[in-house]
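Notes follow once the structure below has been shown.
The values are calculated or read from the model by the stated rules, or taken from the named source; none is laboratory data. For clarity, every value in this text was computed on a predicted model and none was experimentally measured. Here Cβ is always computed from backbone atoms with ideal geometry, including for glycine, and neighbour counts include all displayed protein chains.
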């Protein structure tokens, strides 16, 4: 396999973008990405675009063709990939494998979701759960993650204050991210006092409904080295699935698909979590970040909550998590999220993360998850020094 | 890139399968495929599954995870890919690239669609057209292909009798296919006298609404050579997109995305259409087969209709097309169709096509198309002799 690098990124603002259509969102992110990479449209050979449910949200399938056409890329090989909220991570992995195979040199990995445009978001998102056993019986995603939170609290003594610490920290980071949907700091009191969505999760424990798109361009490392920019290599790619129904898994306080995907990415890279400097973690709900930091091995099982409360995942903590603001503050356009995580890694590793820049990070990890843990991708990026 | 082979196939019956769910369809095709290949479930590392619109048809996204779980493949890396009716071809290409890259040895390529289960098929399928400019204004797929037929008739003098010849020939082939939805011979009189769907297309010019699933297993050629079976190599893979709206393309009597995808597959293989013995061609409507045989270069522009009427594409003709019965007689579960085409190539090249077997074919081509020509994949398979 050839070594592959990320050579450019583009990101729309995230938010309720009522005057920007699905295809326009993608076209904006794509144009910004190609300009950032300095690569002409006719050099791009292929694209993989993550999107969860454009059919339900806006009545449009055949998605990669229409998006690439409107982005000025008519003719290239373009495929949409879907794995619920991990669609972006799956698109990134497919693009990575195509460049690694040698079949193509310049492959775009994109993600997009238009969620504020008619269809009921709670219904659409519930199609990421098991339709026959979960969604049909009325379970929603806040409900599923509330069950995970209750199980984690029962097993480990995790507290509402620890959940709130995740939200407060991510909003503190998001306040430094000009693309974030909610770039504002919040207090623990605000989180704990917010209206309940599904006990023990309140409004500020949940990521928002978001429109947005993100793109990165991939190329062989030898090409990246000619650009005169920091070279950001993909050194590990892990992908795994599990039962999508929460009740089909052994212990609802864990999300084993995350550990499995991470194990595969670590095996490829020959590294462990101790070699990683920071991570973007799939915080669709505050409890998700706590469980995922445990599954990734950043903290021991049960220690994710205390670690968050102690500031260990803050920008100046021992292991910064979600410097972008995460899904919680930056927003969560589901198909775009996995690519937006890669954008944050790329920005941090190239020293372009503005007010939220970490001090000379060398390796970052992006963990993107589908549903309540039915799928997960983990990617590790390293900047050449 | 490593050389890659198809080492097994599985196919459900195609039809109105009211007592078989979406996940059951896939599980059946997957089990048959792994048994045919003689590969254990825990050897399979990855899967790509083509499906156009399970979200709209049965309210289920996050599709690859749930399908692989129910097929006994929990844990593997599994991704759904979508490119409307070319979803299966896109899944096959992604699986091919993953094995070619060296990242995985055993990768499943599957496709599935459950179309007879509640949602309105005409609405669901129209999401493969341009939602904002075509579907929103009421155009359906029979309407779009009727426009293509009218344009082809006006430019080349193609006749209803020539269209009918495609249907008659494909049903003659399908009558020999035990998995076909409509395995029955029909007469030209039946086709020409059938109720009109969208002039000049009648009921027998249109492929049916179908439930079904198909799977093939891919592996490195070196592994395939150890199996003691004919070795079927993938020697060309082409993928292209175009504007999905018919009015955005220059000449509605042509479908240029087919020629572009074919050109890419021929370039990789170093072959031309003259080196190919037979083809599965995307006959979602009779006119589609005529235009696609021209775009592939099997016949000159305008000669597809006369060639069909002269029997040149029959099983005993100079270039057999759709020995399986095609989408027309075999059925068209849209996400599964591209994989089912590969199954027919594999069956013919390994001498397992039963009553429709060609005499010692060496190379076959599968052309799978999305919408009215917004995307296309072309794959060339060759049996080692």
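Out of A:305, A:373, A:326, A:355, which single residue is touching a residue at least 40 places away in the same chain (Cβ under 8 Å), farther than 29 Å from residue B:63 by Cα and touching a helix residue (DSSP H, G or I) at 6+ places or on another chain (Cβ under 8 Å)?
Criteria check complete, one pass: A:305.
Limited to the range A:359-370, what total is found for residues that are surrounded by fewer than 23 Cβ atoms within 10 Å (Cβ to Cβ) and either under 13 Å from the mean Cα position of the chain (by Cα) or touching a residue at least 60 places away in the same chain (Cβ under 8 Å) (or both)?
So the answer is 3.
Working carefully through the options A:300, A:318, find the one that is more than 14 Å from chain B (Cβ to nearest Cβ), in a loop (DSSP other than H, G, I, E, B), within 15 Å of residue A:156 (Cβ to Cβ) and modelled with pLDDT of 95 or more.
That would be A:300, the only listed residue that is more than 14 Å from chain B (Cβ to nearest Cβ), in a loop (DSSP other than H, G, I, E, B), within 15 Å of residue A:156 (Cβ to Cβ) and modelled with pLDDT of 95 or more.
Residues A:361, A:306: which one is more than 14 Å from chain B (Cβ to nearest Cβ) and assigned to a helix (DSSP H, G or I)?
Testing whether each residue is more than 14 Å from chain B (Cβ to nearest Cβ) and assigned to a helix (DSSP H, G or I) leaves just A:306.
With more than 19 Å from residue B:377 (Cβ to Cβ) and within 7 Å of chain A (Cβ to nearest Cβ) as the only criterion, which of B:44, B:58, B:81 stands out?
Going through B:44, B:58, B:81 in turn, the sole match is B:58.
For residues that are in contact (Cβ under 8 Å) with a residue 12 or more places away in the chain and part of a helix (DSSP H, G or I), tally how many sit in the range A:169-193.
So the answer is 10.
Just to be sure, is residue B:329 more than 23 Å from residue B:96 (Cα to Cα), within 14 Å of chain A (Cβ to nearest Cβ) and at pLDDT 95 or above?
For residue B:329, the condition - more than 23 Å from residue B:96 (Cα to Cα), within 14 Å of chain A (Cβ to nearest Cβ) and at pLDDT 95 or above - is not met.
Mind listing just one residue for me: the one in the range A:132-168 that is in contact (Cβ under 8 Å) with a residue 24 or more places away in the chain, within 14 Å of another protein chain (Cβ to nearest Cβ) and not in a loop (DSSP other than H, G, I, E, B) and, of those, surrounded by the fewest Cβ atoms within 10 Å (Cβ to Cβ)?
A:144
Can you name the condition, by its number, that residue A:112 falls short on among (1) facing chain B (nearest Cβ under 9 Å); (2) in a strand (DSSP E or B)?
For residue A:112, the exception is condition (1).
Restricting attention to the range A:308-327, which residues are buried (at least 18 other Cβ atoms within 10 Å of the Cβ) and closer than 14 Å to residue A:278 by Cβ?
Answer for the range A:308-327, where residues must be buried (at least 18 other Cβ atoms within 10 Å of the Cβ) and closer than 14 Å to residue A:278 by Cβ: A:312, A:313, A:314, A:315, A:319, A:320, A:321, A:322, A:323, A:324, A:325, A:326.
Determine which member of the set A:91, A:119, A:129 is in contact (Cβ under 8 Å) with a residue 60 or more places away in the chain, surrounded by fewer than 21 Cβ atoms within 10 Å (Cβ to Cβ) and either touching a strand residue (DSSP E or B) at 6+ places or on another chain (Cβ under 9 Å) or at negative phi (or both).
It is A:119.
What are the residues in the range B:338-358 that are away from chain A (no Cβ under 14 Å) and buried (at least 24 other Cβ atoms within 10 Å of the Cβ), if any?
Across the range B:338-358, the qualifying residues are B:339, B:340, B:341, B:342, B:343, B:344, B:345, B:346, B:348, B:349.
Out of curiosity, is residue B:323 in the same structural domain as residue B:364 (by TED's automatic domain parsing), closer than 19 Å to residue B:172 by Cβ and in contact with a strand residue (DSSP E or B) (Cβ under 8 Å, 6 or more places away or on another chain)?
yes
Hey, can you tell me all the residues within the range B:61-78 that are farther than 27 Å from residue B:280 by Cα and more than 7 Å from chain A (Cβ to nearest Cβ)?
Those that are farther than 27 Å from residue B:280 by Cα and more than 7 Å from chain A (Cβ to nearest Cβ): B:70, B:71, B:72, B:73.
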